[in-house]
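What follows is a short report on a single structure.
Rule-based calculations on the coordinates, nothing more; no lab input. Computed from a predicted structure; not experimentally measured. Virtual Cβ from ideal backbone geometry, glycine too; neighbours counted across all protein chains shown.
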Amino acid sequence: MSSIGTGYDLSVTTFSPDGRVFQIEYAAKAVDNSGTVVGIKCKDGVVLGVEKLIGSKMMLPGSNRRIHSVHRHSGMAVAGLAADGRQIVARAKSEATSYESTYGEPIPVKELASRVASYVHLCTLYWWLRPFGCGVILGGYDRDEPQLYMIEPSGISYRYFGTAIGKGRQAAKTEIEKLKLSEMSCRQGVIEVAKIIYGVHDEAKDKSFELEMSWVCDESNRQHQKVPEDLLEEAKSAAKAALEEMDAD
Amino acid sequence: MDPSAGDMNNYNYNGGVVLAADSRTSTGMYVANRASDKITQLTDNILFPHLQAADSQLISDYVRYFLHQHTIQLGQPATVKVAANLVRLLAYNNKNMLQTGLIVGGWDKYEGGKIYGIPLGGTVLEQPFAIGGSGSSYLYGFFDQAWKGGMSQEEAEKLVVKAVSLAIARDGASGGVIRTVTINSEGVTRKFYPGDEHPLWHEELEAHDSLLDKLSTTSPEPMVS
């Protein structure tokens, strides 16, 4: 799929003869090379999970968070360049608070996704800006229902039942498709996401990783928060057990 | 002289909202308009009774514009809370220049019927019922004892009509006909109660046709023969 865009890839304001903007595609490669991020929408909420590859043994566990709360009811998991991701999260937070100041109610997730997508897209329109090198999975639970959106570096935003970005996205998506999401509760979803992330992690190529998970569901009172410690531990051990089972086969 | 207030009231019943207002706009002693419609529509599901003063008309124009854009952006009808918040932002941020008390009432699919009162300073207050206008002074005690939650639509409509008629009886700046608007999940219904169809109180005279009608038969008589 990847081709050299010699000459047509120097600026984000240049199209290639076959109608592609190479700079945006290169930005997407930055996302593809990062740790896997998974998001699923269960019947009572949304679960986000990140395979956070650890740079060095000296790093404190829990630092370099990849999942951020954007508002009480929604959160974002970032894949790709972390600094770019921080900028997108800041913008999303600002959009959410400004909407609430003007309209007096929490921003509907659909509107938030649309605004974030517009912002990401904005940076693909000018030669003096570069596209964001990160993709974002946005999960939220507003007055309608839980919703999951993914925003790519091109500015495209789609709504999903389940999706993944990063290194192990192909394998992760295959696993997600096997799940019966409409019948699953978030508690079960947390365990499934943990299994998927442990499953797609490549022990040979990558160093160790930390599993970071969050949810917004009925059980969390529709607030976006880190998955509670005990459930996280339960999920981790279930995932490790599933791995051993697979190895044993 | 500024047009003075008439009377308006809103009532939240089980399933929607009823708004009622009189129809008199007066400038001093002169009745500038005896058949005005004081209830303006902000959107398909949200209405705004106001006092025909420039301040409230201006606010209603701005809010209608913002709400329209918001509805298009959202892809679904706006909620009453959003309309109330937009009104409140204008009222609060321009409190030095504006002098108007406002009520926003409507129905949306999330909260059902809702009424928000926005008095002079720009506070927002969600209320089960709200009254405003010069004639409303005479209705505070009435509503305190007559209001109860869980009324049906017919009961609520009768109550607001009774209330406006009481205000008309006592307040010189209130009069004319009574217009009501009911908003619920099915939409907006407007009703009209002319002078001879509302209750009369304690020695109020019955309405009768204008003497002018009795004088002219087909064409008006020339004043100078």
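Structure data summary
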read-out: Amide H partners (placed H, <5 Å) of B:M151, local residues excluded; value: B:N14
read-out: Percent of alpha-carbon pairs separated by more than 16 Å within the range A:160-215; value: 42
read-out: Rg in Å to one decimal, and Dmax rounded to a whole Å, for the range B:53-182 via C-alpha atoms; value: 15.8, 46
read-out: Convex hull projection area averaged over all views, the range B:106-225, Cα basis, nm²; value: 12.1
read-out: Long pairs among A:K43/B:K109; A:K180/A:K226; A:K52/A:K240, criterion Cα-Cα beyond 18 Å; value: A:K43/B:K109; A:K180/A:K226
read-out: Reach of A:K236 by Cα under 15 Å, taken over aspartates and glutamates that are not fewer than 8 positions away in the same chain; value: A:E51, A:E192, A:E210, A:E212, A:E244, A:E245
read-out: GluC sites (Glu not before Pro) lying in DSSP loop within the range A:148-249, provided at most 11 other Cβ fall within 10 Å; value: A:E203
read-out: Projected-area average for chain A over all orientations - Cα convex hull basis, square nanometres; value: 15.0
read-out: Listed residues B:N184, B:N94, B:N45, most fluctuating in chain B (Gaussian network, C-alpha, under 10 Å); value: B:N94
read-out: Helix-derived mean residue ellipticity, 222 nm - over the protein assembly as shown, DSSP H n ≥ 4, -39500 (n - 2.57), to 500; value: -10500 deg cm²/dmol
read-out: Alpha-carbon radius of gyration plus Dmax, which is the widest Cα pair, for the range A:18-140 in Å; value: 15.5, 47
read-out: Where trypsin sites (Lys or Arg not before Pro) fall in DSSP loop in the range B:21-53, at most 16 other Cβ within 10 Å; value: B:R34
read-out: Under 12 Å from B:K114, Cα to Cα: aspartates and glutamates that are on another chain or at least 8 residues apart; value: B:E126
read-out: Per residue, the convex hull volume that the Cα atoms of the protein assembly as shown enclose (Å³); value: 245
read-out: Rg to Rh quotient for the range B:145-194, alpha carbon positions, Kirkwood Rh; value: 1.01
read-out: Cα convex hull of chain B, projected area averaged across orientations, nm²; value: 15.3
